[in-house]
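Before any comments, here is the structure.
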Amino acid sequence: MFNIFDLKKSYGKTEVLKSITMRIDDGEVICIIGPSGSGKSTFLRCLNLLEEPTGGQIYYNGTILDNTLDSKRLRREVGMVFQKFNLFPMFTVLKNVMYAPMHVKHTGKKEAEKIARNLLEKVGLGNKAAAYPAQLSGGQQQRVAIARALAMQPKMLLFDEPTSALDPELVNEVLNVMKNLRKEGMSMVVVTHEMGFARDVSDRVVFMDKGFIVEEGRPAEIFNHPKQERTQQFLNRVLGGVSYE
Amino acid sequence: MNNLLSQLHFATAAEYLVPSLIHGIGVVLEATFFGFILATIIGIFIAIGRLFGWKIVKAFLYVFLEVIRGTPLLVQLVYIYYVVPLIINLFAAMLGYKTDVQIDPLVAGIAGLAINYGCYMSEVIRAGIVAVDKGQMEAALVLGFGRYEALFRIIMPQALRSIIPSLGNYLVMMIKDTSLLAYVAVNELLLRTQTFASQTFYTIEAYTYLALFYLILSVPLSHCIKFIEYKLSSSNR
Ligand SMILES: Nc1ncnc2c1ncn2[C@@H]1O[C@H](COP(=O)(O)OP(=O)(O)OP(=O)(O)O)[C@@H](O)[C@H]1O
Ligand SMILES: [Mg+2]
């Protein structure tokens, strides 16, 4: 789906992404891990052009992403879920999920509502359709946000630390929804600090540090036999004796 | 003392002045209604231009705001009513046409109020837009909305919640500032009172009634606005 060559991004003089080269295939689930400030979010946001790269190329299904590209069309196919959910507070849960299909895709109201209710059912919130976001727990809000992204029927979903803003006991309900998506074959790129999820659910783990991809590979390789010292140090620090088995 | 007070003729003054002032209220409400709606629209566009516009638009708006906020409303009204038609006629003359453009007093007054208040209100609107969480715009963008669509569908409705109470205060101020329209020949309350006072010399009575009329207009309105503000904040989700 994505072919990324020598991607660079700087803000003024700060180089955040120095050179990222990787490909992301259809149906793949990729977890991106790495220390804070390493450029994980920036990388993810370059993929749907929320950030404009300052160098290199990104190809999406063979089309180069540049400023002649209609980013709206790209974003219909590549959805995103944020750390802070960013639900629309003035709309009910149902309207949050229906809104983009109705106004971006011009899906009819009945059809949009049907899709929305199905998706809410799927994320286990069928009974919360009439609630407002502020009346939901963080875990519930994030599940609504996932349903909202799915309502556009994207080909791929980007997740930027989807569970980092949640109380620990709410993390699993969100991860379970994501695991189910994986079973259905959804392509996903997930920036996460949940090493257990990265290890069990992803096809590939990418370790980023200081604007570079330091190491990537199958989860078993990265977690059990990291080749790079920096990966090892990072894993030791975050796993720090806590077992995620 | 009693003697002095008996020289005042509130009843007589009321008989002639009050019906005239009641007519004048219509003018005040008309000027405020259109002035305020236009000011809001102007304010929204200035705010959006200053936040999202091209550099040249931002620069132009910056200068425009400085000019409007650096000159008194009264001067602006006079300028629109007396000077703008002269300039138009002058340019027409240069092009070889003889024109005698005049602006209707009320139209000039509404335009002046709208432009002046639009500039001040744009700052409030801008602050309201900026105060909406950045994540809201991003969430709309990643769902496939365009920037301006997101602005009007998602951001503005949230911004308006915080903006409306302060805009309400501008509404009350505008009602009172319609008194300045007297200087561009709009027959509103002040001009009616001036005319009446100069003809009858019931100066004390006339201006007392005038003040009362403004109180009757603005006090209930400002309480309405407080109530709306309270409703909005208590239903805040
Ligand atoms: N808009 C911006 N302007 C300037 N610097 C920025 C901007 N956005 C990000 N940065 C900088 O880029 C660096 C990488 O940020 P990024 O958010 O991509 O890191 P991250 O790996 O996602 O970190 P975290 O785990 O804390 O989310 C940080 O040092 C940050 O300060
Ligand atoms: Mg981040």
All positions within the stretch A:10-43 that are within 8 Å of ligand 1 (Cβ to nearest atom) and at positive phi: A:GLY12, A:GLY34, A:GLY37, A:GLY39
Filter result for B:ILE115 (more than 14 Å from chain A (Cβ to nearest Cβ), surrounded by fewer than 22 Cβ atoms within 10 Å (Cβ to Cβ) and of a type in the set (A, V, I, L, M, F, W, C)): yes
Could you check how many residues of the stretch A:44-75 are away from ligand 1 (no atom under 11 Å from the Cβ), in contact (Cβ under 8 Å) with a residue 60 or more places away in the chain and buried (at least 20 other Cβ atoms within 10 Å of the Cβ)? 2
Quickly run through the stretch A:23-43 and pick out the residues that are more than 10 Å from ligand 2 (Cβ to nearest atom) and open to solvent by 10 Å² or more (accessible area, probe 1.4 Å). A:ARG23, A:ASP25, A:ASP26, A:GLY27, A:GLU28, A:PRO35
Please verify whether A:GLU52 is charged (D, E, K, R), away from chain B (no Cβ under 14 Å) and outside any strand (DSSP E or B), treating the condition exactly as stated. no
Would you check which residues across the stretch A:100-127 are over 12 Å from A:ARG148 (Cβ atoms), part of a loop (DSSP other than H, G, I, E, B) and away from chain B (no Cβ under 14 Å) and list them? A:GLY108, A:GLY124
Filter the stretch B:6-34 down to the residues that are free of Cβ contacts under 8 Å to residues at least 24 places away in the same chain, part of a helix (DSSP H, G or I) and small (Gly, Ala, Ser) and list them by number. B:ALA11, B:GLY26
What number goes with the only condition from (1) aromatic (Phe, Trp, Tyr); (2) open to solvent by 80 Å² or more (accessible area, probe 1.4 Å); (3) over 30 Å from B:PHE152 (Cβ atoms) that B:TYR81 does not pass? (2)
Inspect all residues belonging to the stretch A:91-99 and state whether any of them is assigned to a helix (DSSP H, G or I), crowded, with 16+ Cβ neighbours inside 10 Å and either more than 14 Å from chain B (Cβ to nearest Cβ) or among the small types (Gly, Ala, Ser) (or both). yes
Out of the stretch B:58-90, which residues are more than 16 Å from B:CYS119 (Cα to Cα) and over 17 Å from the mean Cα position of the chain (by Cα)? B:TYR82, B:VAL83, B:VAL84, B:PRO85, B:LEU86, B:ILE87, B:ILE88, B:ASN89, B:LEU90
For residues that are within 16 Å of ligand 1 (Cβ to nearest atom), open to solvent by less than 60 Å² (accessible area, probe 1.4 Å) and touching a residue at least 60 places away in the same chain (Cβ under 8 Å), tally how many sit in the stretch A:175-203. 7
Does the stretch B:216-230 contain at least one residue that is crowded, with 17+ Cβ neighbours inside 10 Å, more than 14 Å from every other protein chain (Cβ to nearest Cβ) and in contact with a Leu (Cβ under 6 Å, 6 or more places away or on another chain)? no
Against the definition (within 16 Å of ligand 2 (Cβ to nearest atom), crowded, with 16+ Cβ neighbours inside 10 Å and among the aliphatic types (A, V, I, L, M)), how does A:ILE213 come out, yes or no? yes
Would it be correct to say that B:GLY135 is outside any helix (DSSP H, G or I), free of Cβ contacts under 8 Å to residues at least 12 places away in the same chain and out of contact with any strand residue (DSSP E or B) (no Cβ under 7 Å at 6 or more places or on another chain)? no
Filter the stretch A:12-22 down to the residues that are within 16 Å of ligand 2 (Cβ to nearest atom) and surrounded by 15 or more Cβ atoms within 10 Å (Cβ to Cβ) and list them by number. A:VAL16, A:LEU17, A:ILE20
With the structure loaded, tell me whether A:ASN86 is within 16 Å of ligand 2 (Cβ to nearest atom), open to solvent by less than 20 Å² (accessible area, probe 1.4 Å), without any contact (Cβ under 8 Å) to a residue 60 or more places away in the chain and within 12 Å of chain B (Cβ to nearest Cβ) or whether it fails that test. yes
Out of all the residues in the stretch A:217-227, is one or more under 13 Å from the mean Cα position of the chain (by Cα) and surrounded by 16 or more Cβ atoms within 10 Å (Cβ to Cβ)? no
I need the full set of residues from the stretch A:128-157 which are open to solvent by 20 Å² or more (accessible area, probe 1.4 Å), polar (S, T, N, Q) and more than 10 Å from chain B (Cβ to nearest Cβ), in order please. A:SER137, A:GLN140, A:GLN141, A:GLN153
Test A:LYS109 against the criterion of being open to solvent by 10 Å² or more (accessible area, probe 1.4 Å), over 30 Å from A:ALA220 (Cβ atoms), within 16 Å of ligand 2 (Cβ to nearest atom) and of a type outside the set (Asp, Glu), and give yes or no. no
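The values are calculated or read from the model by the stated rules, or taken from the named source; none is laboratory data. None of the values given here were measured: they were computed from a predicted structure. Here the Cβ is made from the backbone with ideal geometry for all residues, glycine too, and neighbour counts use every protein chain on show. Quick note on the areas: whole protein, heavy atoms, side chains included, nothing else; ligands and nucleic acids left out. Shrake-Rupley method; radii C 1.70, N 1.55, O 1.52, S 1.80 Å.
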